[in-house]
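Encoded as structure tokens, the structure appears first; notes follow it.
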Amino acid sequence: MVSPAEDVKLRVVADRSKCMGAGMCALNAPEVFDQDEQEGLVVVLEPEPSAEHRYAVRDAVNLCPASALRFEKDEA
Amino acid sequence: MTLADQSTEVLAVPASRGACPFDPPPAYDQAREHNPVSRVQLFDGSSVWMLTRHQDIRTALQDHRLSADGTKPGFPFLSPGRRQLGTQSASFIRMDDPEHARLRRMLTSDFIIKRVESLRPQVTAIASDLLDTMTRGKNHADLVTEFAFPLPSLVICLLLGVPYEDHAYFQKQSHILLSAASSAEQVRVARDDLNDYIKNLAESKRDRDDEDIISRLIHRDELTPDEIATMGTLLLVAGHETTANMTSLSILTLLRNPDQLKRLREDPGLIRGAVEEMLRYLSIIHQGLARTAVEDLEIGGQRIRAGEGVLLMINAANRDHEAFPDADAVDVGRDARRHLAFGFGVHQCLGQPLARAELQIALDVLINGLPNLRLATPFEEIPFRDDMLVYGVHSLPIAW
Ligand code: HEM
Ligand code: SF4
């Protein structure tokens, strides 16, 4: 996985087809993730989280039970 | 037992606990250290795999080749009653995707973080009322019946639209469903009864426009009355027994670890983390999550073949030193969020945001509302729920 400490643009990607709505992401990184009211599935609020939120995002990625979240280097 | 005995004798599960009632059976700890993917024997003489390491269980719970469907060949059950529970219309907890996801997603929006956060004032008010009623005019009580069970029961009744006046009834049925001592026939009768109860309740809601979960399910017109009943029963049972037992057992743990209780009283900011630590340390789903292989796979270097059952001992995983330093110690200040007390993978507990909120509120109200809280009976006399699917205590006499 990409290290959150790296000085590059990082992008968070969520796969809603895998999400089971357990809310570990919204609980552990509320600035970056939310859940929509209709289906209860993950919504990424900040696709390019600022440095201060990267560790929380890494925790959310690791804690997601359904492996629905990924951290990617932004190639653009 | 000597080491030589262990290698020839297959461990019978569930194994008994050792001297400390908070610790998992010592045989599971030994398995984790020496033989983390091992063969164990069930009540009917059949043998299955037992996983005990944190990493192996995390991996296994994300592997779709392990099925949660109790009707698939090789699925492990711990008693005839459990077999009945896991095969007779058990709703989505005993199904695989895509059917599991279809049903679970009808409920996910009810348990999202935002919605549960908005329930906090109501849950806090219920907890405070229960504390007032419990303490009025007396200085001792049974925490289990006067606080720990009523709190989550009242909350899940509110969410589901089940009348709380019926709590004696559904708690009794739920006890039968979850007791290892219940026969298959007792479980069948209790389950049919509870399903009929929810079915009638749902029918009575058809012409009203209440906001509760059962009303919403019946108005969706996508589910049969049976599907609504089994889903409602799952939520009702899972929604109160678990939190109730976690509450009593957490209070008992804090009373036995006064230094930790003191830290928690001095720094309320520790409550959230303390609840994760209690979930980890106590692991009340103590007899393993059950799965069966529908294809061959390899876990922890061991080949598991299609049709072989697997028990995932999350209580052993939550004491794995590789995942949690000094894992056998209670430390309310540690980061315990990686615990597997709610499971992992697609079946990870749907109600976990609610359980967390209820536990955080219950602990706060009890330890800060009762500064002189103490046990009212010798520790040795407390009856632990060794025989139940959900671990805990049958009663907890306290004084203040
Ligand atoms: C401290 C309290 C709780 C604990 C320790 C707990 C534990 C668990 C565990 C370990 C599982 C996974 C079972 C498996 O993978 O085989 C699970 C699933 C489930 N829990 Fe909880 N639970 C708790 C509270 C609740 C509450 C309050 C509710 C309901 C409101 C609830 C509803 C469910 C449901 C519906 C499932 C099935 C999810 C699925 O199969 O997708 N639980 N729980
Ligand atoms: S933690 Fe994973 S499964 Fe849970 S809501 Fe977030 S993305 Fe979905």
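The values are calculated or read from the model by the stated rules, or taken from the named source; none is laboratory data. From a predicted model like this one, the values you see are computed outputs, not experimental measurements. Cβ: placed from backbone, ideal geometry, glycine included. Neighbour counts: every protein chain shown. Note: accessible area is taken over every heavy atom of the protein model, side chains too, but ligands, DNA and RNA are not part of it. Shrake-Rupley method; radii C 1.70, N 1.55, O 1.52, S 1.80 Å.
A few notes on this one:
- Looking only at residues in the range B:341-358 that are assigned to a helix (DSSP H, G or I) and within 11 Å of ligand 2 (Cβ to nearest atom), the one that is nearest to B:Arg94 (Cα to Cα) is B:Val346.
- With respect to the stated conditions, B:Ala336 is closer than 26 Å to B:Cys20 by Cβ, assigned to a loop (DSSP other than H, G, I, E, B), in contact with a helix residue (DSSP H, G or I) (Cβ under 8 Å, 6 or more places away or on another chain) and within 14 Å of chain A (Cβ to nearest Cβ).
- Selection within the range B:295-307 - in a loop (DSSP other than H, G, I, E, B) and either in contact with a helix residue (DSSP H, G or I) (Cβ under 9 Å, 6 or more places away or on another chain) or buried (at least 21 other Cβ atoms within 10 Å of the Cβ) (or both): B:Gly300
- Matching option when the condition is modelled with pLDDT of 95 or more, in a loop (DSSP other than H, G, I, E, B) and out of contact with any Lys or Arg (no Cβ under 8 Å at 6 or more places or on another chain), among B:Val162, B:Val123, B:Val144: B:Val162
- Check on A:Leu69, at pLDDT 90 or above, within 16 Å of ligand 1 (Cβ to nearest atom) and within 14 Å of another protein chain (Cβ to nearest Cβ): no
- Considering the range B:74-108, the residues that are closer than 23 Å to B:His219 by Cα, in a loop (DSSP other than H, G, I, E, B) and not polar (S, T, N, Q) include one that is farthest from the other protein chains (Cβ to nearest Cβ), namely B:Ala90.
- Looking across the range B:271-288 at every residue that is under 10 Å from B:Asp335 (Cα atoms) and away from chain A (no Cβ under 14 Å), the one that is nearest to ligand 2 (Cβ to nearest atom) is identified as B:Glu277.
- Any hit, the range A:40-54, residues being open to solvent by 70 Å² or more (accessible area, probe 1.4 Å) and closer than 17 Å to B:Gln352 by Cα: no
- Residue among A:Glu46, A:Glu39 that is at the interface with chain B (Cβ under 8 Å from one of its Cβ atoms) and at pLDDT below 95: A:Glu39
Residue-wise test of (1) within 16 Å of ligand 1 (Cβ to nearest atom); (2) modelled with pLDDT under 90.
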| residue | (1), (2) |
| --- | --- |
| A:Ala5 | no, yes |
| A:Asp15 | no, no |
| A:Met24 | yes, no |
| A:Pro30 | no, no |
| A:Gln35 | yes, no |
| A:Arg58 | no, no |
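- Close pairs (6 angstrom Cβ cut-off, 6 or more residues apart or separate chains): more than 9 Å from chain B (Cβ to nearest Cβ) in the range A:10-24, near ligand 2 (Cβ under 6 Å from one of its atoms) and not in a loop (DSSP other than H, G, I, E, B) anywhere: A:Ala14/A:Val42; A:Ala14/A:Leu69
- Candidate set: the range B:168-214, residues that are among the hydroxyl-bearing types (Ser, Thr, Tyr) and in a helix (DSSP H, G or I); chosen: the one farthest from B:Pro80 (Cα to Cα): B:Ser204
- Of the residues contained in the range B:367-384, none is found to be within 16 Å of ligand 2 (Cβ to nearest atom) and either in contact (Cβ under 8 Å) with a residue 12 or more places away in the chain or not in a loop (DSSP other than H, G, I, E, B) (or both).
- The number of residues in the range A:6-29 being more than 21 Å from B:Phe344 (Cβ to Cβ) and either open to solvent by 70 Å² or more (accessible area, probe 1.4 Å) or within 10 Å of ligand 2 (Cβ to nearest atom) (or both) comes to 3.
- When the helices (runs of 4 or more DSSP H) confined to the range B:215-294 are screened for residues that are within 9 Å of ligand 1 (Cβ to nearest atom), of a type outside the set (A, V, I, L, M) and open to solvent by less than 20 Å² (accessible area, probe 1.4 Å), those reaching at least 2 such residues are found at B:225-256.
- Breaking point among (1) part of a loop (DSSP other than H, G, I, E, B); (2) away from chain A (no Cβ under 12 Å); (3) open to solvent by 10 Å² or more (accessible area, probe 1.4 Å), for B:Ala327: (3)
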